[in-house]
Structures are given as C-alpha cells and as structure tokens.
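See below for the structure under consideration.
The values are calculated or read from the model by the stated rules, or taken from the named source; none is laboratory data. Quick caveat: nothing in here was measured; it's all calculated off a predicted structure. Here the Cβ positions follow ideal geometry from the backbone for every residue, glycine too, while neighbour counts run over all protein chains shown.
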Amino acid sequence: MKLFAYVAVAAMFGMVSCNTQEDAMVTNVEQNLEVSASDNGRIIPGQYIVVFNEGVYDTQLKSVGNDYDSRTKAMRGEVENFFSSINPNKALPEIPYVYGTTVVGFAARLDDATLELVRKDARVKYVEADRIISIGTPNVEVGVKAQTVPWGITRVNGGVDATGKVAWVIDSGIDLDHADLNVDVARSKTFVLRTKSADDENGHGTHCAGTIAAKNNTVGVIGVAANATVVAVRVLDRRGSGSNSGVIAGVDYVGATGKVGDVANMSLGGGVSTALDAAVVAAASKGVIFCLAAGNETDNANNHSPARANGNNVYTISASDASDKFASFSNFGNPPVDYCAPGVSIYSTYKSGGYATLSGTSMATPHAAGVFLLGAARNGGYVKSDPDGNADPIIVH
Ligand SMILES: [Ca+2]
Ligand SMILES: [Ca+2]
Ligand SMILES: [Ca+2]
C-alpha cells in the first residue's frame with residue numbers, strides 16, 4: 001500500500017513493559033536517544049508526564065466543579081504549589097499541560113535534579129518520558145466532485161442521518177469551514193503549543209471527520225453518521241506530529257466536556273504510554289465512547305498506546321479492504337481489538353475544502369465511530385485472513 005495516514009512509532013524503539021515504571025522510563029530515555037533517527041517516536045529530551053496518585057487532589061478539584069477551564073486552572077495552581085513544596089528556591093519549570101479530569105497530573109520540562117525530586121515525592125504515582133507521535137504524509141488526490149458514497153460507508157450500513165449527534169475528533173484539527181462538514185467551532189480547541197486555532201493544517205483529522213459525519217448534500221461524500229456535528233480537538237501539527245502529553249490534554253478536555261452518548265475518535269498512536277491509556281479509560285468511563293486505531297505496524301496492538309487500552313466504552317479497531325480481507329498493515333490481537341472496519345482506499349474530506357483517498361487503521365476507526373453515533377454496533381460478518389487466527393467482526397450499523 002502506498003498510503004499510510006497513520007504511522008505509529010513503537011516498533012522502532014524499546015518499550016516499557018514492566019511495572020517498575022520509573023526505572024524503565026529512564027532506561028528508555030537513554031536507549032531512545034541513541035537510536036532515534038527521525039522525529040517518529042523520539043523521546044522529547046527533558047520533558048516528562050507526571051501522574052499523581054488517586055485522591056491527592058480530590059478535595060481541591062471537587063470544589064471547582066466539572067468545567068474544563070476551571071479544573072485545569074485549579075490544577076495549574078496545585079502543580080505550582082507542588083513545585084514550590086519540593087523546590088522552594090527554584091523558579092517554576094515550564095509546564096505546557098496540566099490534567100484535572102482523566103489522569104490528574106501535568107507535563108513539564110524538568111532538569112535531572114528536579115526530576116529526581118518529583119519521582120521521589122509520595123504524591124506522585126509515576127513519571128513517563130514524553131514522546132513525539134507522528135503521522136505520515138499521504139499521497140492526496142484533491143478535488144470536489146458530485147456526491148459519491150465511498151465503499152466503506154456502504155459496507156458498514158452508514159449514510160444514515162445523525163443530525164445533532166456529536167463526535168470529538170482528537171487529531172490534526174478539522175477544516176473548520178469545510179462545506180461538507182458541520183463543525184462545532186466554539187467547542188473546537190487546539191492543544192498544539194504555539195497555535196491558536198483547531199483548523200486542520202494536515203488533512204488527516206478532516207479525513208476522519210468526513211468518514212464519521214460528512215453531510216448528505218449534493219457534493220463530495222457522505223459520512224456514516226451523516227450531518228452529525230464534529231468537534232476538532234487538535235493535538236497534531238501541520239506535519240502530523242504531536243506529543244503524548246498534548247494528546248492526554250486533548251483526552252482530558254473531552255473527558256471534561258463530552259456528554260454521554262458522544263463518540264471520540266483517536267486515529268493516532270505511538271509507543272506504550274500508561275498515562276495516555278489511563279486518560280482514555282477514565283474519559284470513556286464517564287460515558288463518551290472512544291474508538292482507537294489498532295495501528296499500522298503489522299504488529300500486536302498490545303504494543304501500542306492508546307490502542308492497547310481496554311475498558312467500558314473503549315473500542316480498538318483493525319482495518320479491512322473492500323473484499324473483507326484483513327489489511328496487510330493493520331495491527332491485530334484480541335484483546336484489545338474489538339472490531340474491524342474499512343481502512344483501505346478510503347475517500348473522504350480533506351483540508352482546505354478538499355477530498356482525498358487515504359489508507360490506514362486511521363480510516364477504519366472513524367467508520368466505527370460513525371456506527372456508534374448511530375446506536376449499537378452489530379456484527380456484519382468476519383474479516384478474512386486475520387493474522388492472529390481469531391477473525392475480528394466487521395462493525396456495521
Ligand atoms: Ca456530501
Ligand atoms: Ca478492546
Ligand atoms: Ca483478531
């Protein structure tokens with residue numbers, strides 16, 4: 001296949017697979033710095049995700065209610081107090097993100113001495129090295145045509161009106177004024193540092209949004225849950241790169257702001273991240289249905305986050321082609337994979353008002369997200385040639 005809209009990175013590097021997180025993380029920092037040849041999966045030197053033990057800040061967070069901005073503001077104050085308490089004579093470190101809804105914690109740039117103090121503090125559950133998450137640059141066919149029904153929409157019994165339903169697309173943003181999408185601009189938000197808009201400069205997020213919910217009108221495509229509202233939660237930049245810490249911030253926002261019955265789409269992934277998995281499971285437990293790409297490494301999905309996360313309302317999606325054959329690139333393994341969905345040569349909306357054909361579990365996942373927006377999922381037969389020997393059900397409405 002020539003197109004990989006989703007390129008996760010874990011296979012290139014050593015993984016954290018033990019429970020002694022802190023030591024494993026530090027070891028991985030060193031290993032990864034030695035082997036990193038590109039931005040994909042690279043540890044972000046000196047940047048860490050810190051998760052507090054359950055309950056440490058319950059009292060403070062309860063007093064501010066459930067609003068995302070209030071919770072993150074309160075949490076920022078607590079994190080600043082935390083640093084004052086462990087390091088009273090030192091200036092605050094740079095703290096790009098704080099989390100107050102799903103995992104409770106923060107991301108910060110830490111020198112080695114401060115990192116040691118953080119790791120030893122009794123309030124801290126674990127510390128992870130932050131990493132780059134990156135998606136590949138796909139080949140793109142751009143143009144506006146009379147409305148067609150892409151094969152995947154037909155396969156999952158989509159194209160059903162879902163006006164008023166809401167899908168959160170945690171990705172590169174969404175083309176906010178695309179004529180074939182209903183974007184909730186007010187609730188769209190960017191978590192990419194030094195950007196102000198959730199508008200999509202890559203195209204990947206807009207493509208996912210179109211498969212979920214493109215309008216049934218006279219142009220372009222139609223989504224599985226046609227005419228539904230999409231909200232851009234921008235965590236990837238114009239190159240399709242982001243950080244685990246930024247993705248967790250996006251999940252935290254959806255966990256605080258999403259409503260029961262909404263769907264969240266995560267067509268991204270990377271190495272194992274305990275914090276990212278925990279954030280997804282916690283957000284989903286509040287009633288938003290999360291659909292996660294299995295990944296494109298022809299690997300066991302248990303080696304990748306958030307694909308390996310399991311919990312209530314959490315579904316991991318592998319990819320099939322138009323013949324119901326398992327896509328050669330798709331990750332596998334049950335659990336965590338729950339359903340297979342169309343992910344090869346998928347035509348959908350793209351940045352700047354365009355349309356494009358892409359392949360990947362990134363494209364399969366929004367088919368599942370659309371089905372869940374329409375209601376309960378059904379088994380539409382089993383995928384052929386599933387490499388784990390346990391054929392995944394193909395999701396349909
Ligand atoms: Ca359309
Ligand atoms: Ca699962
Ligand atoms: Ca399987």
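Summary of computed values
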{"quantity": "Residue in segment 386-393 that is at pLDDT 95 or above, crowded, with 24+ Cβ neighbours inside 10 Å and within 16 Å of ligand 2 (Cβ to nearest atom) present", "calculated": "yes"}
{"quantity": "Within segment 292-304, considering residues that are in a strand (DSSP E or B) and under 15 Å from VAL247 (Cβ atoms), the one farthest from ligand 2 (Cβ to nearest atom)", "calculated": "ALA293"}
{"quantity": "Qualifying residue in segment 221-238 (condition: closer than 30 Å to GLY46 by Cα, among the basic types (Lys, Arg), buried (at least 23 other Cβ atoms within 10 Å of the Cβ) and touching a residue at least 12 places away in the same chain (Cβ under 8 Å))", "calculated": "yes"}
{"quantity": "Selection within segment 64-79 - among the charged types (D, E, K, R) and more than 25 Å from the chain's Cα centre (by Cα)", "calculated": "GLU78"}
{"quantity": "Residue check, PRO342 touching a Ser or Thr at 6+ places or on another chain (Cβ under 7 Å) and either within 14 Å of ligand 2 (Cβ to nearest atom) or under 14 Å from ALA209 (Cα atoms) (or both)", "calculated": "no"}
{"quantity": "Check on GLY389, without any contact (Cβ under 8 Å) to a residue 12 or more places away in the chain and within 16 Å of ligand 3 (Cβ to nearest atom)", "calculated": "yes"}
{"quantity": "Single condition ALA264 does not satisfy, out of (1) over 22 Å from ILE95 (Cα atoms); (2) without any contact (Cβ under 8 Å) to a residue 12 or more places away in the chain", "calculated": "(2)"}
{"quantity": "Residue in segment 24-39 that is within 22 Å of the chain's Cα centre (by Cα), at pLDDT below 90 and within 16 Å of THR274 (Cα to Cα) present", "calculated": "yes"}
{"quantity": "Search result, residues across segment 247-261 that are over 20 Å from GLY210 (Cβ atoms), of a type outside the set (A, V, I, L, M, F, W, C) and surrounded by 24 or more Cβ atoms within 10 Å (Cβ to Cβ)", "calculated": "ASP252, TYR253, GLY255, GLY258"}
{"quantity": "Segment 381-397, residues that are hydroxyl-bearing (Ser, Thr, Tyr) and either in a loop (DSSP other than H, G, I, E, B) or within 16 Å of ligand 1 (Cβ to nearest atom) (or both)", "calculated": "SER385"}
{"quantity": "Options TYR6, TYR48: the member that is crowded, with 18+ Cβ neighbours inside 10 Å, modelled with pLDDT of 90 or more and either in contact with a helix residue (DSSP H, G or I) (Cβ under 7 Å, 6 or more places away or on another chain) or not in a loop (DSSP other than H, G, I, E, B) (or both)", "calculated": "TYR48"}
{"quantity": "Close pairs (9 angstrom Cβ cut-off, 6 or more residues apart or separate chains): outside the structural domain of ASP252 (by TED's automatic domain parsing) in segment 163-187, not hydroxyl-bearing (Ser, Thr, Tyr) anywhere", "calculated": "none"}
{"quantity": "Filter result for the condition that a residue is of a type in the set (Gly, Ala, Ser) and either surrounded by 21 or more Cβ atoms within 10 Å (Cβ to Cβ) or within 17 Å of CYS208 (Cα to Cα) (or both), over GLY269, GLY311, GLY287", "calculated": "GLY269"}
{"quantity": "Scan of segment 310-348 for residues that are within 16 Å of ligand 1 (Cβ to nearest atom) and under 18 Å from LEU268 (Cα atoms), ordered by number", "calculated": "ILE346, SER348"}
{"quantity": "Residue in segment 293-300 that is of a type in the set (Ser, Thr, Tyr), assigned by TED's automatic domain parsing to the domain that holds GLY270 and within 17 Å of the chain's Cα centre (by Cα) present", "calculated": "no"}
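So that you can scan it fast, the table gives a plain yes or no per residue for (1) in a loop (DSSP other than H, G, I, E, B); (2) within 16 Å of ligand 3 (Cβ to nearest atom); (3) within 25 Å of VAL149 (Cα to Cα):
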{"site": "ASP177", "(1), (2), (3)": "yes, no, yes"}
{"site": "ASP180", "(1), (2), (3)": "yes, no, yes"}
{"site": "ARG187", "(1), (2), (3)": "yes, no, no"}
{"site": "VAL192", "(1), (2), (3)": "yes, no, no"}
{"site": "ILE212", "(1), (2), (3)": "no, no, yes"}
{"site": "VAL221", "(1), (2), (3)": "yes, no, yes"}
{"site": "ALA232", "(1), (2), (3)": "no, no, yes"}
{"site": "ASP237", "(1), (2), (3)": "yes, no, no"}
{"site": "SER245", "(1), (2), (3)": "no, no, no"}
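Yes/no matrix, rows are residues, columns are (1) buried (at least 16 other Cβ atoms within 10 Å of the Cβ); (2) under 26 Å from GLY220 (Cα atoms); (3) touching a residue at least 40 places away in the same chain (Cβ under 8 Å); (4) of a type in the set (S, T, N, Q):
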| position | (1), (2), (3), (4) |
| --- | --- |
| PHE332 | yes, no, yes, no |
| TYR339 | yes, no, yes, no |
| TYR350 | yes, yes, yes, no |
| GLY375 | no, yes, no, no |
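One line per residue, one yes/no per condition, for (1) touching a Pro at 6+ places or on another chain (Cβ under 6 Å); (2) at pLDDT 95 or above; (3) under 30 Å from GLU128 (Cα atoms):
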residue	(1), (2), (3)
VAL280	yes, yes, yes
ALA283	no, yes, yes
PHE290	no, yes, yes
ARG308	yes, yes, yes
SER359	no, no, no
